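Quick notes on the structure that follows.
Just so you know, all these numbers are worked out from the coordinates, no wet-lab data involved. Computed from a predicted model, the values in this text were never measured in an experiment. Neighbour counts run over all protein chains shown; Cβ positions are idealised from the backbone, glycine included.
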Amino acid sequence: MTTLLPRLHLFEFHDQAWCPAPLREALTDCVNAAWSFTGFWRNAVPHIEDLLDRTGERTILDLCSGSGGPVPRIVHAVAQQMPELRAELSDRFPKPGSLDALGPELRARVRYREQPVDALAVPAELAGLRTVFGAFHHFRPAQAVAMLRSASGSARALAVFEFQRRAMLRSLVPPMGLVGLSPLLAHWTAPRRWWRPVLTAIPVIPAMWAWDSFATIMRTYTPAELVELAEQARAPGYRWEVREARSDGPERITCLAGFPDPRGGVELIEY
Ligand SMILES: C[S@@+](CC[C@H](N)C(=O)[O-])C[C@H]1O[C@@H](n2cnc3c(N)ncnc32)[C@H](O)[C@@H]1O
């Protein structure tokens, strides 16, 4: 996909240290809601299964997890064939309470690390397939390359997923356009908070969500840019694949997959 929009590294409210915790939570709840009600999370499942198969990993280490994101759903889906599967969620601003609503079976598989984890400095003792959902655009190119090098340097597989693309008009068309309704849909998908209806009605949360969504679109990497980043992180015995589902419909997903492989190299795969 080509775009005429230059990448602009705009700020997002929920990324700021000064953003009040309830607002940060409200905004990451919206991202979470977007994954759930669009069903985009399902498009990540084959890539996750592929990387677990290739590497033999049975643990997912999710970075930048926000309000949980799609990992609990993915674990639920994949664990049908892979009962040993476990996941650990993490974030610079952890929200362990976001897993409170999970049933006991899933709670036994998925935990949220209470200590902050910086995705740019992952502690060596944290093992597993690294995943980053809806957050790779938060990193400037040099930081993004550092994150890729950290994965290849420690021989860990990494899967980065984004569902949005840097395309303004196409972002307004359903199902992508429905993401704008996330502040309303979060009432059903996120833990109940007294402040949510109030801040939605004023409408603080929808205004911040609108800005963060715009900033997200403007700083999303295109598949060609992901290839460039992967080229910079190229390492012998480690392979990068930019896997782009061309669909604008419900099947949409962009995946940057990295995994130890004697072939090495960088490839763009459109399907
Ligand atoms: C758009 S949210 C995505 C949340 C979740 N992965 C999802 O898809 O619903 C981005 C998350 O990245 C986190 N984040 C940003 N920079 C980070 C960093 N350097 N290390 C860890 N987390 C970071 C933010 O705190 C935020 O929770």
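Computed over the alpha carbons of the range 63-121, Rg followed by Dmax gives 11.3, 32 Å. Rounded to the nearest 5, the antiparallel percentage of DSSP beta bridges internal to the range 13-270 is 40%.
The GluC sites (Glu not before Pro) found in the range 1-89 that occupy coil by DSSP, while having at most 13 further C-beta atoms within 10 Å, are 84.
Once you list every other residue whose beta carbon is under 13 Å from the beta carbon of residue 141, what net charge do they have if Lys and Arg are +1 and Asp and Glu are -1? Please report the intermediate quantities before stating the final value.
On the way: positive: 7, 140, 149, 219; negative: 225, 228, 231.
Spelling it out: positives minus negatives among the neighbours equals +1.
The residue among 148, 199, 132 whose Cα reaches farthest toward the positive pole of the charge dipole of the range 13-270, with charges on the beta-carbon of Lys, Arg, Asp and Glu, is 199. Each Lys or Arg adds one and each Asp or Glu takes one away; over the other residues whose Cβ falls under 15 Å from the Cβ of residue 198, this sums to +1. Applying the criteria of a DSSP loop state and at most 13 other Cβ atoms within 10 Å to the trypsin sites (Lys or Arg not before Pro) of the range 168-249 yields 192, 246. Structural descriptor for the range 13-270: relative contact order 22 percent, calculated from alpha carbon pairs under 8 angstrom and at least 6 residues apart. Taking a ≥ b ≥ c as the square roots of the eigenvalues of the alpha carbon gyration tensor, the range 89-160 is prolate, as a/c is not under 1.5 and a/b beats b/c.
When only the Cβ of Lys, Arg, Asp and Glu is charged (+1, +1, -1, -1), the dipole of the range 13-270 relative to its Cα centre reaches about 360 debye. Would you work out if the range 13-270 is rounded, prolate or oblate? Take a ≥ b ≥ c from the square roots of the eigenvalues of the alpha-carbon gyration tensor; rounded if a/c is under 1.5, else prolate when a/b is larger than b/c, oblate otherwise. Since a/c reaches 1.5 and a/b is larger than b/c, the shape of the range 13-270 is classed as prolate.
Basic side chains Lys and Arg get +1 at the Cβ, acidic Asp and Glu get -1 at the Cβ, and with that the dipole of the range 40-141 about its Cα centre reaches some 180 debye. Rounded to the nearest 500, the helix-only mean residue ellipticity at 222 nm of the chain stands at -10500 deg cm²/dmol, with each DSSP H run of n ≥ 4 adding -39,500 (n - 2.57). Checking every one of the chymotrypsin sites (Phe, Trp or Tyr not before Pro) in the range 155-200 against DSSP loop status and a limit of 11 other Cβ atoms within 10 Å picks out 194. When the Cα positions of 47, 181, 59 are compared along the charge dipole of the range 13-270, 181 comes out farthest toward the positive end, with charges on each C-beta of Lys, Arg, Asp and Glu. Quick check: from the Cα gyration tensor, does the range 92-235 come out rounded (a/c under 1.5), prolate or oblate? Oblate.
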